[in-house]
There are 2 protein chains.
Amino acid sequence: MPTLTKQEAPTLRDVAAAAGVTIATASRSLTGAYGVHPETRKRVMETATLLNYKPNRSARALVTGHSNVIGLVVSDVRNPYFAEVARGAEDAAYAAGFDLLLCNSDLYADRQMRYINSLLEKRVEGIIMNSVANLSRKDQTFIVDSGVPVVLLYQSAGGTPFSTVSADSERGGELAAEYLLAHGHRHMMYLAGSRQHANLSKRAQGFLQVVRRFGHKAEAGVMYGTHTLAGGYEIARSLFRKLGNTTAIATANDVIAFGVIKAAIELGVNIPRDVSLIGFDDVELASIVHPPLTTIRQSKYEIGGAAVDILLRLAAGKDRSPEHRVLGVELVERASVGAPPSGRGKR
Amino acid sequence: MPTLTKQEAPTLRDVAAAAGVTIATASRSLTGAYGVHPETRKRVMETATLLNYKPNRSARALVTGHSNVIGLVVSDVRNPYFAEVARGAEDAAYAAGFDLLLCNSDLYADRQMRYINSLLEKRVEGIIMNSVANLSRKDQTFIVDSGVPVVLLYQSAGGTPFSTVSADSERGGELAAEYLLAHGHRHMMYLAGSRQHANLSKRAQGFLQVVRRFGHKAEAGVMYGTHTLAGGYEIARSLFRKLGNTTAIATANDVIAFGVIKAAIELGVNIPRDVSLIGFDDVELASIVHPPLTTIRQSKYEIGGAAVDILLRLAAGKDRSPEHRVLGVELVERASVGAPPSGRGKR
DNA sequence: TCGATTCTTGGAAGCGATTGCGAAATGCCT
DNA sequence: AGGCATTTCGCAATCGCTTCCAAGAATCGA
């Protein structure tokens, strides 16, 4: 009776032996390389499937120098925005025969760097990161020097050695402000999320700029926190306690807005009757919260896809110059913005 | 002037040469193996960091046979449930020094098998999958024969060669039914999501069983579809057109319930006045939709963590017997369930 | 002081694939 | 049939690392 030892996976050598060729032609047969007789190839492939052979990717990676995996470093997949980006990236990677390594950094510099190091050890073909704003300059040059293609999910006018792809954050901020202004709001508050977060501050910039341009009749404050539901909730709770004359709230993303909604429900403030709310992202759930959230739509899934597109071009090695792609945004009107309440919002 | 060739990453040989030792001791120094003089180790490590050396994981994996990566195959990370599980798994993997490869199968058998093949080629230490119910028996034995440790996010009483970890789906279904019954509902509809999905049907089972036990005074129908927001939306639209005497809807997960809410908003039906709704999962957003969703809470993050726990034990090789872990559920009461409307729901 | 341990290090054999180079085999033409 | 161009295939090197084995150095007890 044979001992029940752990079955070792068949190697190329096994296949070659069984097919009566050397591992060289076996390899060429399997990889589809030119220069092997159709008949022998057929034979090799049949024995390969027969033996249930699977090439060892580590071995292949070692000699070819290609791991065929790309790393995705986001702050948190639980953020529906990143989940969508991740899915877009994964689909694109899959289509190109690449695999996606998922990393959640929580935007902690040390954690992010540990991930990057790990990815570099894996010799990934490229890295998609939502941001490097929280990293020290030293860390950033470290990444640049490592030579991996990097694309950031963040809007840049250039000046970065990294490629970037993102929605037009600034324009989105502008849209939000214009919309609120058009509805008669003059005293607004912008919940900007993390100060670190480049995209979010771009959105704030766009927003504030429009308000400022509107003249002294309008004003907007900014509050920082974290760009999570909990963060929005916290800030909103304190904000609702002393709303003053602010009649509208704009948030840097939908999740923050969700936090605001949660706080509003708890504190009994009615959106949009008591205060208007506009988000950013147009996450799937934005349409079913109450009230349905008016927000700025950006193409999250496409951003993920574009990121790996760029990465693959960079990784191909022909043209290593960074690319900056920015996708359009649009306002989607739902029910969370109304006219300012007649009582407040007046001087 | 040196040609500006693409910088090749330094290898162990480079480090060894620079430190004046052989690659053998260099390796031992870096891996922390026993039996190298503290002083030489220090010297090696210093030159390693100086040269910015990073071990090639492919090479290491090739010789050690350990890839230190585990695969996560879910239907879609955009589903907040899986996003949470993914995060839990990723954190646990990270803590153990493992990496997580993300795969979205959409529950398509061919796509799932392609992923599994790819993961096997990568010689992953284990695979976490939400289900194998959609796979043919042949595919399933293929996976078993491959010898990788597998843990399913699905409840099993045993009988599977795979390990499983999940919430107590059946009990959850029971809780939902009991709660609805207690609120006076007698004519209920269960939106079960995919027929394939083992967890979801377990939930339906629990639900229906309680209703059945209640006697002929109560009844519950079942409708199948997809377990997505869109799926819930579709079904709810048709359901709302001919509600009949059903006064309460239970869904197999929160996302389906969200779809119901969306349809309700569009069609002007009021939850819970016109019809009550109870979900399953307690996704973060469940508390901020309108109305806040009464639902069954399960520990999604912990499930992800538990899955890699089991996987690592299995991968360690000592004990390869499958383990079945089931986590508790609890009802969280919010505002989507009320008494049945006086007009309907009577015989 | 000397043999016996114990430490420390080097040499070398792989891990499982890819691939350049040359040899053998085949086909084609005159 | 002979010569030459092509195919087809095998040999062996190599990728970067771990680890067994043995040899030299250091340490120790008596």
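The values are calculated or read from the model by the stated rules, or taken from the named source; none is laboratory data. Note that the structure is a prediction, hence the values are computed from the model and not measured. Positions of Cβ are backbone-derived with ideal geometry, glycine not excepted, and every protein chain shown enters the neighbour counts.
Structure above, values below:
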{"quantity": "Residue that is farthest from the other protein chains (Cβ to nearest Cβ), among those in region A:83-112 that are in a helix (DSSP H, G or I) and under 20 Å from A:Arg195 (Cα atoms)", "calculated": "A:Ala109"}
{"quantity": "Residue match in region B:113-128 (condition: assigned to a helix (DSSP H, G or I) and away from every other protein chain (no Cβ under 11 Å))", "calculated": "yes"}
{"quantity": "Residue match in region B:141-159 (condition: within 30 Å of B:Ala24 (Cβ to Cβ) and either in the same structural domain as B:Ser27 (by TED's automatic domain parsing) or touching a strand residue (DSSP E or B) at 6+ places or on another chain (Cβ under 9 Å) (or both))", "calculated": "no"}
{"quantity": "Filtered residues of region B:271-298 (kept if surrounded by fewer than 18 Cβ atoms within 10 Å (Cβ to Cβ) and among the small types (Gly, Ala, Ser))", "calculated": "none"}
{"quantity": "Residues satisfying the stated conditions in region B:20-53, i.e. surrounded by fewer than 18 Cβ atoms within 10 Å (Cβ to Cβ), of a type outside the set (A, V, I, L, M, F, W, C) and within 7 Å of DNA strand D (Cβ to nearest atom)", "calculated": "B:Thr31"}
{"quantity": "Any hit, region B:55-74, residues being within 15 Å of DNA strand D (Cβ to nearest atom), farther than 30 Å from B:Ile256 by Cβ, in contact with a Phe, Trp or Tyr (Cβ under 6 Å, 6 or more places away or on another chain) and not aliphatic (A, V, I, L, M)", "calculated": "yes"}
{"quantity": "Long-range neighbours under 7 Å by Cβ, at least six apart or interchain, first residue basic (Lys, Arg) within region B:9-21, second within 8 Å of DNA strand D (Cβ to nearest atom)", "calculated": "B:Arg13/B:Ile23"}
{"quantity": "Some residue of region A:54-61 being surrounded by 22 or more Cβ atoms within 10 Å (Cβ to Cβ), more than 23 Å from B:Tyr115 (Cα to Cα) and at the interface with chain B (Cβ under 9 Å from one of its Cβ atoms)", "calculated": "no"}
{"quantity": "Selection from region B:175-194 of residues that are out of contact with any strand residue (DSSP E or B) (no Cβ under 8 Å at 6 or more places or on another chain) and over 16 Å from B:Thr295 (Cβ atoms)", "calculated": "B:Leu181, B:Gly184"}
{"quantity": "Top-ranked residue of region B:262-282 - restricted to ones that are free of Cβ contacts under 8 Å to residues at least 40 places away in the same chain and not in a loop (DSSP other than H, G, I, E, B), ranked as farthest from A:Leu293 (Cα to Cα)", "calculated": "B:Leu267"}
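To keep it simple, each residue is scored yes or no on (1) touching a Pro at 6+ places or on another chain (Cβ under 9 Å); (2) within 10 Å of DNA strand C (Cβ to nearest atom); (3) in a helix (DSSP H, G or I).
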| site | (1), (2), (3) |
| --- | --- |
| A:Glu39 | no, no, yes |
| A:Arg43 | no, no, yes |
| A:Thr49 | no, no, yes |
| A:Ala59 | no, yes, yes |
| A:Ser67 | no, no, no |
| A:Leu72 | no, no, no |
| A:Arg78 | yes, no, no |
| A:Tyr81 | no, no, yes |
